[in-house]
Amino acid sequence: MKGSSASHSRPEKENMDNVSAAPPRRRSSADDDADAVDTPRQSLRALWTEAGGSSELPAVASHEADRLHHRRTNGRGRGHSKDGPGGRRESPSRRHRGRNRRRGRTERVAKQVWLAAFAALGTAFVISVHVILYRALFASGGDSGGEDGIDAGQRPGRPGQPAKRKQRTLAPEDEEARMTLDEARRHRLASLDDRAVDRDQYTVRINTWRRDEQLLLSLNHHASCDGVKEVQVVWCDSENDPPESVTRHSSGKVRVERHEVNSLNERFKVLVDPPTLGILSLDDDVLRPCAALDAAFLRWTRHPDRMVGFDARTVVAVGVGGDERTFDGTTPSSTWKYGYMSTTEKSNGYAMTLPRAAFLHRDYLDLYTMALPREMYRFVAENLECEDVAMSF
(Lines give C-alpha, C1' and ligand atoms only; values in the text may rest on other atoms or scores of the structure.)
Protein backbone atom coordinates (compact mmCIF):
# COMPACT_ATOMS: atom_id res chain seq x y z
CA MET A 1 0.00 0.00 0.00
CA LYS A 2 2.89 2.36 0.71
CA GLY A 3 4.29 1.84 -2.84
CA SER A 4 0.97 2.54 -4.42
CA SER A 5 0.59 5.59 -2.24
CA ALA A 6 3.96 6.97 -3.41
CA SER A 7 3.18 6.28 -7.08
CA HIS A 8 0.07 8.31 -6.69
CA SER A 9 1.78 11.22 -4.97
CA ARG A 10 4.61 11.84 -7.52
CA PRO A 11 2.43 12.31 -10.62
CA GLU A 12 0.25 14.57 -8.55
CA LYS A 13 3.25 16.80 -7.80
CA GLU A 14 4.28 16.90 -11.49
CA ASN A 15 0.74 17.81 -12.46
CA MET A 16 0.75 20.61 -9.94
CA ASP A 17 4.03 22.00 -11.47
CA ASN A 18 2.59 21.85 -14.93
CA VAL A 19 -0.51 23.61 -13.78
CA SER A 20 1.50 26.40 -12.21
CA ALA A 21 3.62 26.86 -15.38
CA ALA A 22 0.72 26.73 -17.79
CA PRO A 23 -1.10 29.89 -18.74
CA PRO A 24 -4.30 30.60 -16.78
CA ARG A 25 -7.45 29.07 -18.10
CA ARG A 26 -11.08 29.46 -17.28
CA ARG A 27 -12.33 27.26 -14.35
CA SER A 28 -15.09 24.83 -14.97
CA SER A 29 -17.51 22.98 -12.73
CA ALA A 30 -15.29 19.90 -12.95
CA ASP A 31 -12.42 21.89 -11.42
CA ASP A 32 -14.66 22.96 -8.55
CA ASP A 33 -15.54 19.32 -7.88
CA ALA A 34 -11.85 18.37 -7.90
CA ASP A 35 -11.05 21.11 -5.37
CA ALA A 36 -13.94 19.90 -3.18
CA VAL A 37 -12.33 16.45 -3.13
CA ASP A 38 -8.78 17.73 -2.60
CA THR A 39 -9.71 19.92 0.37
CA PRO A 40 -10.85 17.05 2.67
CA ARG A 41 -7.97 14.89 1.45
CA GLN A 42 -5.50 17.59 2.39
CA SER A 43 -7.07 17.81 5.82
CA LEU A 44 -6.90 14.05 6.18
CA ARG A 45 -3.24 14.08 5.13
CA ALA A 46 -2.44 16.63 7.80
CA LEU A 47 -4.24 14.63 10.48
CA TRP A 48 -2.55 11.41 9.36
CA THR A 49 0.86 13.11 9.53
CA GLU A 50 0.22 14.31 13.07
CA ALA A 51 -0.93 10.86 14.21
CA GLY A 52 1.63 8.63 12.49
CA GLY A 53 4.52 11.00 11.67
CA SER A 54 4.17 10.30 7.94
CA SER A 55 2.59 12.22 5.12
CA GLU A 56 1.71 9.02 3.29
CA LEU A 57 -2.04 8.45 3.10
CA PRO A 58 -3.55 5.15 2.08
CA ALA A 59 -5.68 5.22 -0.98
CA VAL A 60 -9.29 5.27 0.10
CA ALA A 61 -12.48 5.97 -1.71
CA SER A 62 -13.93 9.45 -1.52
CA HIS A 63 -16.92 8.40 0.61
CA GLU A 64 -14.53 6.67 3.08
CA ALA A 65 -12.48 9.88 3.30
CA ASP A 66 -15.65 11.86 3.99
CA ARG A 67 -16.62 9.40 6.72
CA LEU A 68 -13.19 9.57 8.42
CA HIS A 69 -13.09 13.35 8.15
CA HIS A 70 -16.56 13.61 9.65
CA ARG A 71 -15.65 11.40 12.62
CA ARG A 72 -12.38 13.29 13.26
CA THR A 73 -14.01 16.70 13.29
CA ASN A 74 -17.41 15.93 14.90
CA GLY A 75 -16.62 13.43 17.62
CA ARG A 76 -17.36 10.08 15.95
CA GLY A 77 -20.62 11.14 14.35
CA ARG A 78 -22.61 12.11 17.46
CA GLY A 79 -25.82 13.96 16.74
CA HIS A 80 -26.47 12.41 13.35
CA SER A 81 -29.66 10.84 12.08
CA LYS A 82 -30.32 7.12 12.31
CA ASP A 83 -28.67 6.62 8.89
CA GLY A 84 -25.32 7.36 10.53
CA PRO A 85 -22.37 9.41 9.20
CA GLY A 86 -21.42 9.10 5.59
CA GLY A 87 -24.95 7.99 4.59
CA ARG A 88 -24.53 4.50 6.07
CA ARG A 89 -27.29 3.05 8.24
CA GLU A 90 -26.46 2.01 11.77
CA SER A 91 -25.98 -1.66 12.45
CA PRO A 92 -28.93 -3.69 13.78
CA SER A 93 -27.07 -4.40 17.02
CA ARG A 94 -26.70 -0.67 17.72
CA ARG A 95 -30.39 0.01 17.05
CA HIS A 96 -31.26 -2.93 19.30
CA ARG A 97 -29.14 -1.52 22.12
CA GLY A 98 -30.83 1.86 21.70
CA ARG A 99 -34.28 0.33 21.94
CA ASN A 100 -33.25 -1.62 25.03
CA ARG A 101 -31.99 1.55 26.69
CA ARG A 102 -35.25 3.38 25.95
CA ARG A 103 -37.30 0.42 27.16
CA GLY A 104 -35.25 0.17 30.35
CA ARG A 105 -35.69 3.88 31.00
CA THR A 106 -39.46 3.59 30.54
CA GLU A 107 -39.62 0.62 32.91
CA ARG A 108 -37.66 2.50 35.56
CA VAL A 109 -39.99 5.49 35.33
CA ALA A 110 -43.08 3.24 35.55
CA LYS A 111 -41.61 1.45 38.57
CA GLN A 112 -40.97 4.75 40.32
CA VAL A 113 -44.56 5.86 39.65
CA TRP A 114 -45.98 2.64 41.11
CA LEU A 115 -43.75 2.90 44.16
CA ALA A 116 -44.89 6.47 44.73
CA ALA A 117 -48.55 5.41 44.43
CA PHE A 118 -48.11 2.56 46.92
CA ALA A 119 -46.28 4.89 49.28
CA ALA A 120 -49.17 7.36 49.12
CA LEU A 121 -51.72 4.62 49.85
CA GLY A 122 -49.65 3.33 52.74
CA THR A 123 -49.37 6.81 54.20
CA ALA A 124 -53.12 7.35 53.92
CA PHE A 125 -53.78 4.02 55.65
CA VAL A 126 -51.40 4.82 58.52
CA ILE A 127 -53.01 8.24 58.99
CA SER A 128 -56.49 6.69 59.05
CA VAL A 129 -55.43 4.16 61.68
CA HIS A 130 -53.96 6.91 63.84
CA VAL A 131 -57.13 9.00 63.55
CA ILE A 132 -59.29 6.05 64.56
CA LEU A 133 -57.05 5.24 67.52
CA TYR A 134 -57.01 8.87 68.60
CA ARG A 135 -60.79 9.10 68.54
CA ALA A 136 -61.15 5.81 70.39
CA LEU A 137 -58.66 6.72 73.12
CA PHE A 138 -59.08 10.44 73.61
CA ALA A 139 -62.18 11.81 71.91
CA SER A 140 -64.57 9.96 74.21
CA GLY A 141 -62.71 10.09 77.49
CA GLY A 142 -60.30 7.20 77.18
CA ASP A 143 -62.23 4.59 79.22
CA SER A 144 -62.45 1.37 77.30
CA GLY A 145 -64.84 -1.43 77.93
CA GLY A 146 -67.74 -3.36 76.56
CA GLU A 147 -67.92 -6.28 74.21
CA ASP A 148 -65.95 -6.56 70.99
CA GLY A 149 -63.39 -4.02 72.15
CA ILE A 150 -65.76 -1.07 71.62
CA ASP A 151 -64.83 1.98 73.63
CA ALA A 152 -67.20 2.70 76.49
CA GLY A 153 -67.52 6.35 75.53
CA GLN A 154 -68.53 5.41 72.00
CA ARG A 155 -71.17 2.92 73.01
CA PRO A 156 -74.59 4.54 72.83
CA GLY A 157 -75.64 5.56 76.30
CA ARG A 158 -72.15 5.08 77.76
CA PRO A 159 -70.21 8.20 78.76
CA GLY A 160 -66.47 8.07 78.73
CA GLN A 161 -66.06 8.92 82.44
CA PRO A 162 -69.29 8.31 84.35
CA ALA A 163 -67.64 8.79 87.77
CA LYS A 164 -66.55 12.36 86.97
CA ARG A 165 -69.90 13.30 85.46
CA LYS A 166 -71.74 12.40 88.71
CA GLN A 167 -74.99 11.63 86.96
CA ARG A 168 -77.77 9.62 88.48
CA THR A 169 -77.78 5.98 87.47
CA LEU A 170 -81.39 5.25 88.41
CA ALA A 171 -84.54 7.27 88.10
CA PRO A 172 -86.51 7.61 91.39
CA GLU A 173 -89.34 5.43 90.07
CA ASP A 174 -86.89 2.64 89.21
CA GLU A 175 -85.32 2.28 92.64
CA GLU A 176 -87.65 -0.57 93.48
CA ALA A 177 -89.09 -3.31 91.28
CA ARG A 178 -92.79 -3.04 90.59
CA MET A 179 -93.28 -6.67 89.58
CA THR A 180 -91.91 -9.96 90.76
CA LEU A 181 -90.23 -12.50 88.51
CA ASP A 182 -93.13 -14.93 88.98
CA GLU A 183 -95.59 -12.31 87.83
CA ALA A 184 -93.40 -11.53 84.84
CA ARG A 185 -93.25 -15.20 83.86
CA ARG A 186 -97.02 -15.50 84.03
CA HIS A 187 -97.54 -12.42 81.89
CA ARG A 188 -99.18 -13.11 78.54
CA LEU A 189 -97.95 -11.13 75.60
CA ALA A 190 -100.39 -9.07 73.57
CA SER A 191 -101.48 -10.81 70.38
CA LEU A 192 -100.40 -9.62 66.96
CA ASP A 193 -103.75 -10.60 65.50
CA ASP A 194 -105.68 -7.81 67.17
CA ARG A 195 -104.34 -5.17 64.76
CA ALA A 196 -103.20 -5.57 61.17
CA VAL A 197 -100.41 -3.04 61.60
CA ASP A 198 -98.61 -5.31 64.05
CA ARG A 199 -97.95 -7.86 61.32
CA ASP A 200 -97.14 -5.32 58.62
CA GLN A 201 -94.93 -2.74 60.30
CA TYR A 202 -92.66 -2.24 63.29
CA THR A 203 -91.20 0.55 65.44
CA VAL A 204 -87.47 1.30 65.50
CA ARG A 205 -85.92 2.41 68.80
CA ILE A 206 -82.41 3.82 68.38
CA ASN A 207 -80.15 4.24 71.38
CA THR A 208 -77.61 7.03 70.85
CA TRP A 209 -75.01 9.07 72.69
CA ARG A 210 -73.44 12.22 71.29
CA ARG A 211 -72.98 11.02 67.74
CA ASP A 212 -75.32 13.32 65.87
CA GLU A 213 -73.91 12.64 62.41
CA GLN A 214 -74.13 8.88 62.89
CA LEU A 215 -77.62 9.24 64.32
CA LEU A 216 -78.82 11.32 61.39
CA LEU A 217 -77.40 8.79 58.95
CA SER A 218 -79.27 6.01 60.76
CA LEU A 219 -82.51 8.02 60.79
CA ASN A 220 -82.32 8.78 57.08
CA HIS A 221 -81.80 5.13 56.26
CA HIS A 222 -84.40 3.50 58.52
CA ALA A 223 -87.06 6.15 57.89
CA SER A 224 -86.89 5.25 54.20
CA CYS A 225 -87.86 1.61 54.86
CA ASP A 226 -91.50 0.81 54.09
CA GLY A 227 -91.80 -1.55 57.04
CA VAL A 228 -90.93 1.16 59.56
CA LYS A 229 -93.96 2.75 61.16
CA GLU A 230 -92.06 5.07 63.50
CA VAL A 231 -88.51 5.78 64.63
CA GLN A 232 -88.01 6.60 68.31
CA VAL A 233 -84.73 8.12 69.46
CA VAL A 234 -83.69 7.31 73.03
CA TRP A 235 -81.96 10.59 74.02
CA CYS A 236 -80.11 10.25 77.34
CA ASP A 237 -77.91 13.35 77.09
CA SER A 238 -79.46 15.78 79.55
CA GLU A 239 -76.71 18.35 78.95
CA ASN A 240 -77.38 18.80 75.23
CA ASP A 241 -80.51 19.10 73.15
CA PRO A 242 -81.02 16.94 70.07
CA PRO A 243 -80.30 18.79 66.82
CA GLU A 244 -83.14 20.25 64.85
CA SER A 245 -82.38 17.89 61.97
CA VAL A 246 -83.48 15.09 64.32
CA THR A 247 -86.45 16.68 66.06
CA ARG A 248 -87.83 17.96 62.76
CA HIS A 249 -86.80 15.13 60.50
CA SER A 250 -88.09 15.43 56.96
CA SER A 251 -89.62 11.93 57.00
CA GLY A 252 -92.14 12.79 59.71
CA LYS A 253 -91.53 9.38 61.34
CA VAL A 254 -89.03 10.46 64.02
CA ARG A 255 -89.91 11.06 67.68
CA VAL A 256 -87.43 11.85 70.44
CA GLU A 257 -87.63 10.37 73.95
CA ARG A 258 -85.82 12.60 76.48
CA HIS A 259 -84.44 10.61 79.41
CA GLU A 260 -83.00 12.20 82.55
CA VAL A 261 -80.67 9.30 83.36
CA ASN A 262 -77.77 8.18 81.21
CA SER A 263 -77.95 4.39 81.48
CA LEU A 264 -78.21 1.42 79.18
CA ASN A 265 -81.38 0.47 81.06
CA GLU A 266 -83.05 3.49 79.47
CA ARG A 267 -83.08 1.89 76.04
CA PHE A 268 -85.78 -0.48 77.32
CA LYS A 269 -87.70 2.14 79.28
CA VAL A 270 -90.66 3.33 77.22
CA LEU A 271 -91.67 6.97 77.61
CA VAL A 272 -93.46 7.36 74.27
CA ASP A 273 -95.92 4.58 73.55
CA PRO A 274 -94.88 2.78 70.32
CA PRO A 275 -97.55 2.44 67.62
CA THR A 276 -96.74 -1.25 67.06
CA LEU A 277 -96.04 -4.33 69.16
CA GLY A 278 -92.97 -5.20 67.14
CA ILE A 279 -89.89 -3.31 68.32
CA LEU A 280 -86.58 -3.20 66.51
CA SER A 281 -83.92 -2.29 69.08
CA LEU A 282 -80.88 -0.68 67.44
CA ASP A 283 -77.66 1.08 68.25
CA ASP A 284 -77.03 4.21 66.24
CA ASP A 285 -74.01 2.66 64.49
CA VAL A 286 -75.93 -0.32 63.09
CA LEU A 287 -77.16 -0.15 59.50
CA ARG A 288 -78.93 -3.06 57.86
CA PRO A 289 -80.60 -3.15 54.44
CA CYS A 290 -84.35 -2.64 54.50
CA ALA A 291 -84.85 -6.04 52.85
CA ALA A 292 -82.87 -7.74 55.63
CA LEU A 293 -84.94 -5.97 58.28
CA ASP A 294 -88.18 -7.03 56.60
CA ALA A 295 -87.01 -10.64 56.46
CA ALA A 296 -86.11 -10.62 60.15
CA PHE A 297 -89.44 -8.99 61.03
CA LEU A 298 -91.34 -11.66 59.10
CA ARG A 299 -89.45 -14.34 61.04
CA TRP A 300 -90.25 -12.58 64.32
CA THR A 301 -93.99 -12.40 63.58
CA ARG A 302 -93.97 -16.21 63.51
CA HIS A 303 -92.29 -16.33 66.94
CA PRO A 304 -93.26 -13.09 68.76
CA ASP A 305 -92.26 -14.53 72.15
CA ARG A 306 -88.60 -14.69 71.09
CA MET A 307 -85.88 -12.25 70.14
CA VAL A 308 -84.90 -12.37 66.49
CA GLY A 309 -81.70 -10.50 65.71
CA PHE A 310 -78.53 -10.31 63.70
CA ASP A 311 -75.83 -10.57 66.40
CA ALA A 312 -75.51 -13.53 68.74
CA ARG A 313 -73.09 -14.49 71.49
CA THR A 314 -72.26 -17.63 73.43
CA VAL A 315 -71.26 -18.26 77.04
CA VAL A 316 -67.86 -19.58 78.03
CA ALA A 317 -67.35 -21.60 81.19
CA VAL A 318 -64.07 -21.03 83.03
CA GLY A 319 -62.84 -24.14 84.84
CA VAL A 320 -60.93 -24.36 88.08
CA GLY A 321 -57.59 -24.56 86.27
CA GLY A 322 -58.39 -21.53 84.14
CA ASP A 323 -59.23 -23.52 81.01
CA GLU A 324 -62.11 -22.18 78.96
CA ARG A 325 -64.66 -24.15 77.05
CA THR A 326 -67.94 -23.32 75.41
CA PHE A 327 -70.88 -23.99 77.67
CA ASP A 328 -72.70 -27.17 76.70
CA GLY A 329 -75.06 -27.46 79.68
CA THR A 330 -72.99 -30.10 81.50
CA THR A 331 -69.73 -28.30 82.21
CA PRO A 332 -69.27 -27.88 85.99
CA SER A 333 -68.06 -24.37 86.63
CA SER A 334 -68.56 -21.55 89.07
CA THR A 335 -67.35 -18.82 86.71
CA TRP A 336 -68.87 -17.74 83.43
CA LYS A 337 -67.38 -15.54 80.78
CA TYR A 338 -69.01 -13.52 78.05
CA GLY A 339 -67.93 -14.96 74.68
CA TYR A 340 -66.89 -12.86 71.72
CA MET A 341 -68.04 -13.19 68.15
CA SER A 342 -65.03 -15.35 67.24
CA THR A 343 -65.91 -17.78 70.03
CA THR A 344 -69.50 -17.92 68.82
CA GLU A 345 -68.43 -18.64 65.26
CA LYS A 346 -66.09 -21.43 66.35
CA SER A 347 -68.69 -23.08 68.56
CA ASN A 348 -71.41 -22.87 65.88
CA GLY A 349 -73.96 -22.02 68.55
CA TYR A 350 -75.16 -19.16 70.69
CA ALA A 351 -76.74 -18.48 74.06
CA MET A 352 -78.22 -15.02 73.57
CA THR A 353 -79.22 -12.48 70.95
CA LEU A 354 -77.83 -8.98 71.35
CA PRO A 355 -80.44 -6.17 71.52
CA ARG A 356 -78.16 -3.87 69.51
CA ALA A 357 -79.96 -5.18 66.40
CA ALA A 358 -82.93 -7.38 67.30
CA PHE A 359 -86.71 -7.62 67.11
CA LEU A 360 -88.62 -8.20 70.33
CA HIS A 361 -92.12 -7.78 71.70
CA ARG A 362 -93.08 -4.41 73.12
CA ASP A 363 -94.19 -6.06 76.42
CA TYR A 364 -90.64 -7.24 77.10
CA LEU A 365 -89.55 -3.62 77.47
CA ASP A 366 -92.00 -3.07 80.34
CA LEU A 367 -91.10 -6.40 81.94
CA TYR A 368 -87.42 -5.47 81.89
CA THR A 369 -88.03 -2.14 83.59
CA MET A 370 -90.52 -3.32 86.19
CA ALA A 371 -89.53 -6.93 87.00
CA LEU A 372 -85.76 -7.18 86.54
CA PRO A 373 -84.09 -7.74 89.96
CA ARG A 374 -82.71 -4.43 91.21
CA GLU A 375 -79.25 -5.91 91.77
CA MET A 376 -78.96 -6.62 88.07
CA TYR A 377 -80.64 -3.34 87.19
CA ARG A 378 -78.14 -1.35 89.27
CA PHE A 379 -75.19 -3.32 87.92
CA VAL A 380 -76.13 -2.38 84.35
CA ALA A 381 -76.65 1.25 85.34
CA GLU A 382 -73.35 1.57 87.20
CA ASN A 383 -71.10 -0.43 84.87
CA LEU A 384 -72.71 0.51 81.55
CA GLU A 385 -72.70 -3.06 80.25
CA CYS A 386 -74.49 -6.42 80.36
CA GLU A 387 -77.91 -5.06 79.40
CA ASP A 388 -78.03 -7.76 76.72
CA VAL A 389 -77.46 -10.47 79.34
CA ALA A 390 -80.16 -8.96 81.56
CA MET A 391 -82.67 -8.82 78.69
CA SER A 392 -82.02 -12.46 77.82
CA PHE A 393 -82.52 -13.32 81.51
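One table, with the values for the structure above:
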read-out	value
Cβ-placed point charges (K, R +1; D, E -1), dipole of segment 177-258 about Cα centre in debye, nearest 20	240 debye
Most to least packed among 114-120, 276-282 [average Cβ atoms within 10 Å]	276-282, 114-120
Rounded if a/c under 1.5, otherwise prolate or oblate - segment 232-285, Cα gyration tensor axes	oblate
Projected-area average for segment 171-224 over all orientations - Cα convex hull basis, square nanometres	6.7 nm²
1.4 Å probe accessible area per residue over segment 208-329, in Å²	46 Å²
Segment 217-246-segment 368-393 distance, computed between alpha-carbon centres (Å)	24 Å
Packing-based ranking, highest mean first, of 351-358, 267-274 given that Cβ atoms within 10 Å are counted	351-358, 267-274
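The values are calculated or read from the model by the stated rules, or taken from the named source; none is laboratory data. Please read all numbers here as calculations on a predicted model, not as lab measurements. No Cβ is skipped: glycine too gets one built from the backbone with ideal geometry, and neighbour counts run over all protein chains shown. Note: accessible area is taken over every heavy atom of the protein model, side chains too, but ligands, DNA and RNA are not part of it. Shrake-Rupley method; radii C 1.70, N 1.55, O 1.52, S 1.80 Å.
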